[in-house]
Amino acid sequence: MSNLPTEIIEKRANFVREKLCIDGIFAFDMLSTLEKLQKEAKKFSFRGALDDELGDNEAMMDDDTGTLVARESILEDIKAGRPRARFTIAHELGHYFLGHEGQRRRNPNKGLYVGSKERAQESEANIFASYFLVPTKLAWDA
């Protein structure tokens, strides 16, 4: 389903971790990582949104403007270290770092992703998030 080979996605996730100086950190602070990205990455920003602003969506990545918008509840869950929220943000970062175009919304209803290109990009973002959160070399050491 994915158009990018898994090896390329893994390399991109590892490259991003290296650039953010979180390469050897198993459970890095996601909020600090977002703040660092906002300062250092080209055309990237993030902000919280009231839950009703995003409707049923947990987060949204506008790849045209480089803006990640996440529900305040997701940001609170990140502060509490909840894995699902960390994955949601890592998934949206996947869209950004894999160069996907347009607006992507993280929604629990997978039936919304009907086009083959959209399904492929969702799959790629999931793969990126997995490698970004737990790189192979750290998984083997765990």
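The values are calculated or read from the model by the stated rules, or taken from the named source; none is laboratory data. All of these numbers come straight from a predicted model, not from anything done at the bench. As a convention, Cβ positions derive from the backbone with ideal geometry for all residues, glycine included, and neighbour counts pool all protein chains shown. Quick note on the areas: whole protein, heavy atoms, side chains included, nothing else; ligands and nucleic acids left out. Shrake-Rupley method; radii C 1.70, N 1.55, O 1.52, S 1.80 Å.
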In the stretch 7-36, which residues are in a helix (DSSP H, G or I), touching a residue at least 24 places away in the same chain (Cβ under 8 Å) and open to solvent by less than 70 Å² (accessible area, probe 1.4 Å)?
Ile9, Glu10, Ala13, Asn14, Val16, Arg17, Met30, Leu31, Leu34
Take the residues of the stretch 37-56 that are assigned to a loop (DSSP other than H, G, I, E, B) and closer than 18 Å to Glu101 by Cβ: which is modelled with the lowest pLDDT?
Lys42
Pairs needed: first member in the stretch 77-103, under 13 Å from Ala13 (Cβ atoms); second member anywhere, open to solvent by 50 Å² or more (accessible area, probe 1.4 Å) and modelled with pLDDT of 95 or more; C-beta distance under 7 Å; at least 6 residues apart or different chains.
Phe97/Arg12; Leu98/Arg12
Taking the stretch 108-142, which residues are surrounded by 10 or more Cβ atoms within 10 Å (Cβ to Cβ), in contact with a Phe, Trp or Tyr (Cβ under 8 Å, 6 or more places away or on another chain) and modelled with pLDDT under 85?
Arg119, Leu138
The stretch 42-69 residues that are among the acidic types (Asp, Glu), paired with ones that are part of a loop (DSSP other than H, G, I, E, B) and modelled with pLDDT of 85 or more (beta carbon under 9 Å, 6 or more apart):
Asp63/Gly99; Asp63/His100
Might you check whether a residue that is of a type outside the set (Asp, Glu), assigned to a helix (DSSP H, G or I) and within 12 Å of Leu34 (Cβ to Cβ) occurs anywhere in the stretch 61-70?
no
